[in-house]
Amino acid sequence: MRVLVVGSGGREHALVWKIAQSKLVDKIFCAPGNGGIAKLAECVEISTEDIEGLMNFAKKEKIDLTVVGPEAPLAKGIVDEFENYKLKIFGPNKEAAQIEASKIFAKQLMKKYDIPTADFEIFDSSSAAKKYVEKKGIPCVIKADGLAGGKGVIVAKTFKEAQDAISVMMEDKIFGKAAERIIIEDYLEGQEASIIVITDSKKVIPFLTSQDHKRIFDDDKGANTGGMGAYSPTPIITRELFDEILKKIIYKIINALAKEGFLYKGALYAGIILTKDGPKVLEFNARFGDPEIQVILPLLNSDLFEAMLAVAYNNLSKFLNYGILQWDKRTCVCVVCAARGYPGNYEKDKEIFGLDEVSKMKDIFVFHAGTKIKKEAGKIKYLTNGGRVLGITGLGINLKDAIDKTYEAVKKIHFEGMHYRKDIGQKALKFLN
Ligand code: GLY
């Protein structure tokens, strides 16, 4: 079969890597892809948001399944357009993707169907929002309603931070229409975990649990990022807790969406916080988490592509009849190497060294995110081309072993200005001891 993967990050490299292992797959294209993906797939220069261009390509190349990585094309309705032309595609349609594309939609749905989440209020004026913060107090969390490239959530620990966040979103309009309305919600305390499932809206297949590290610096300090590293599975989610999360959150939201007339198909990601009152939802995403999927897929022994195909054909229950997903018992860790400046303005075009050496290491995978290839005098060089540049991912017999192996590999990689967290997985190690 012929597959088109849409996206250019570490998530898409991990997806392409796993899909390439399927016996069913003959050829993979990736639009637009990156330097690492180019080794496994034919990269085509079509932007992730050029839906017409992607559709024409899928028709011309007789693509059997298109897999959408990032949220923006989903929110723009890529799935609806493809399905109108009977093109098979993995991902939720525009209405269902609102679960990520509109925080207000998600929060109202959770409230209506009694899915545990922080209390919140919605605002369409900055003055009302600022007055509310003064009355309610801090800390609080300020969220732009729409998609803001992962930057639309601000945890305000002082009144000034809260007022500034409201001003930049609603008065300076740095996110444009995405922050015409905002949410202010209660700040919740606890460890966070990521729960990812795939569903055809009737059947749900859970993936292994994982934990992301969102802040740029060690000890969860500094600005929020797309994710600086992850590990899977996470010991903070016990079997009982996992079942509780599936029952009280995952199945409930998929059923809630269906009751409202939105059939959710594709990957669903729940960012969960474990509070003293039980697990609560921080956010839903309409896609696989990144870097979470980079630590989940190396542990998957089953054919991901076959499961995705079943989702696209609405027959996940049939897929389930002959076997659920099989998982490796080891632990996987990913450390993200980022460019200087990330998550703000970052440097590009720095040569990356050490990739050859790391590629020879056992149980280490390098997923490229912001990289590109430069050919010079017949030689291939890899250059940085994004904020998150590489996800160095390693398997170990336990968490400690996986951390040690992964950092051994990270130390062999170098580019000017490279930044990475030194404490990926450490919170979980402390939890285990
Ligand atoms: N790692 C968080 C996300 O994918 O949104």
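The values are calculated or read from the model by the stated rules, or taken from the named source; none is laboratory data. In this text the structure is predicted, and so the values were computed from the model without any measurement. Cβ placement follows ideal geometry from the backbone for every residue including glycine, while neighbour counts extend to all protein chains displayed.
Descriptive notes on the structure:
- Breaking point among (1) more than 16 Å from the ligand (Cβ to nearest atom); (2) not in a helix (DSSP H, G or I), for Val311: (2)
- Qualifying residue in region 109-127 (condition: of a type in the set (A, V, I, L, M, F, W, C), at pLDDT 95 or above, under 23 Å from Phe305 (Cβ atoms) and touching a strand residue (DSSP E or B) at 6+ places or on another chain (Cβ under 9 Å)): no
- When Pro235 is tested against the conditions (1) away from the ligand (no atom under 16 Å from the Cβ); (2) in a helix (DSSP H, G or I); (3) touching a residue at least 24 places away in the same chain (Cβ under 8 Å), the lone failure is (2).
- Looking across Val25, Val68, Val79, one residue alone is under 27 Å from Gly229 (Cβ atoms) and not aromatic (Phe, Trp, Tyr). It is Val68.
- Across region 79-130, the number of residues qualifying as closer than 18 Å to Ile51 by Cα, part of a helix (DSSP H, G or I) and not polar (S, T, N, Q) comes to 6.
- Residue identified as surrounded by 15 or more Cβ atoms within 10 Å (Cβ to Cβ) and not β-branched (Val, Ile, Thr) among Lys374, Lys362, Lys379, Lys412: Lys412
- Checking each residue of region 340-356 against the condition of being touching a residue at least 12 places away in the same chain (Cβ under 8 Å) and within 16 Å of the ligand (Cβ to nearest atom) gives at least one match.
- Any hit, region 289-302, residues being closer than 27 Å to Arg2 by Cβ, modelled with pLDDT of 95 or more, within 16 Å of the ligand (Cβ to nearest atom) and part of a loop (DSSP other than H, G, I, E, B): yes
- Filter result (out of contact with any strand residue (DSSP E or B) (no Cβ under 6 Å at 6 or more places or on another chain) and at pLDDT 95 or above) within region 222-240: Pro233, Pro235, Thr238, Arg239, Glu240
- Sole residue being farther than 28 Å from Phe353 by Cα and surrounded by fewer than 21 Cβ atoms within 10 Å (Cβ to Cβ), chosen from Lys103, Lys107, Lys27: Lys27
- Every residue from region 261-286 that is away from the ligand (no atom under 13 Å from the Cβ) and touching an Asp or Glu at 6+ places or on another chain (Cβ under 9 Å): Gly261, Phe262, Leu263, Tyr264, Lys265, Gly266, Ile273, Leu274, Thr275, Lys276, Gly278, Pro279
- Summed over region 321-332, residues that are touching a strand residue (DSSP E or B) at 6+ places or on another chain (Cβ under 7 Å) and surrounded by fewer than 23 Cβ atoms within 10 Å (Cβ to Cβ) total 4.
- Check on Leu257, away from the ligand (no atom under 12 Å from the Cβ), surrounded by fewer than 19 Cβ atoms within 10 Å (Cβ to Cβ) and among the aliphatic types (A, V, I, L, M): no
- Residue ID - surrounded by the fewest Cβ atoms within 10 Å (Cβ to Cβ), chosen from residues in region 56-84 that are out of contact with any strand residue (DSSP E or B) (no Cβ under 9 Å at 6 or more places or on another chain) and over 25 Å from Glu260 (Cα atoms): Lys60
- Meets criteria (within 15 Å of the chain's Cα centre (by Cα) and not in a strand (DSSP E or B)) for Ala75: yes
- When Gly190 is tested against (1) within 15 Å of the ligand (Cβ to nearest atom); (2) touching a Pro at 6+ places or on another chain (Cβ under 9 Å), just one condition goes unmet, and that condition is (1).
- Residues that are assigned to a loop (DSSP other than H, G, I, E, B) and within 27 Å of Val333 (Cβ to Cβ) within region 347-379 comprise Glu347, Lys348, Lys350, Ile352, Gly354, Lys360, Met361, Lys362, Asp363, Ala369, Gly370, listed in sequence order.
- Single condition Ala178 does not satisfy, out of (1) surrounded by 19 or more Cβ atoms within 10 Å (Cβ to Cβ); (2) more than 16 Å from the ligand (Cβ to nearest atom); (3) under 23 Å from the mean Cα position of the chain (by Cα): (2)
- Within region 17-59, the set of residues being within 21 Å of the chain's Cα centre (by Cα) and among the aromatic types (Phe, Trp, Tyr) comprises Trp17, Phe29.
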